[in-house]
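Reading through the structure tokens given below for one structure.
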Amino acid sequence: MSQLRPDLAIIAANVAPGTRVLDVGCGDGALMAALRDERGVDARGLELDRENVATAMARGLSVIQGNADTDLADYPDNSFDYAILSQTLQTTIRPDKVLDHLLRIGERAFVSFPNFAHWRVRLSLLWGGRMPVTRLLPLQWFETPNIHHVTVDDFRAFVRERGIDVEGAWFLNGDRATTAAAANFRAEHAVFLLHRNGQS
């Protein structure tokens, strides 16, 4: 699937062809372009960064500048087949509210995030006593956009308590897939496909 980041490639491979997609925090539109060009998807995007919006629009994509924390409320119920939030959940002010909106706007939602319980993160805190700087978390604590440090197990408990069904889950260690076994410890990155309990 083009030259997508591994988590985006997983999402792209699991979006049904010909569907309607809202990519929230779409960045430069790489995923949207792949979905449009390779799967015939009607993809729309919402992105905070002005330069990313311009880059995505230069690709011929339908992207507007907006904030997931405030602007998702403007979208009507069930207006998309999929809502996608990749590497953005942990940067939102109220991830619970954002997730509610994703599952209201889309029949299904893809959510991906860096796992803050990965063994390298734990080791950095245990032995170094400092917030980790890794390939997936490359910024120092004072410059990172991450404000909610979520783990795989936190997210699993969160969706279970809210009656949200997990239709699929994928875990990455580096750029390679890893099993769900001990994912909270072994996975650097997680991708979940969700839908509201009772939806088909």
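Data table
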{"item": "Centroid-to-centroid separation of region 39-55 and region 9-29 [C-alpha atoms, Å]", "result": "10"}
{"item": "Computed label-point distance, nm, for sites Asp96 and Arg156 using a 7 Å Cα→Cβ extension", "result": "2.1"}
{"item": "Pairwise label distance in nanometres, Asp37 with Ala58, each label 7 Å out on the Cα-Cβ vector", "result": "1.5"}
{"item": "Fewest-first ranking of Tyr82, Tyr75, using other Cβ atoms within 10 Å as the exposure measure", "result": "Tyr75, Tyr82"}
{"item": "Farthest toward positive dipole pole in region 1-55 [+1 Lys/Arg, -1 Asp/Glu at C-beta], among Ala54, Leu22, Leu4", "result": "Leu22"}
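Bear in mind these aren't lab numbers, they're just calculated from the coordinates by the rules spelled out. Please read these numbers as outputs of a predicted model, since none were measured by experiment. Cβ: placed from backbone, ideal geometry, glycine included. Neighbour counts: every protein chain shown.
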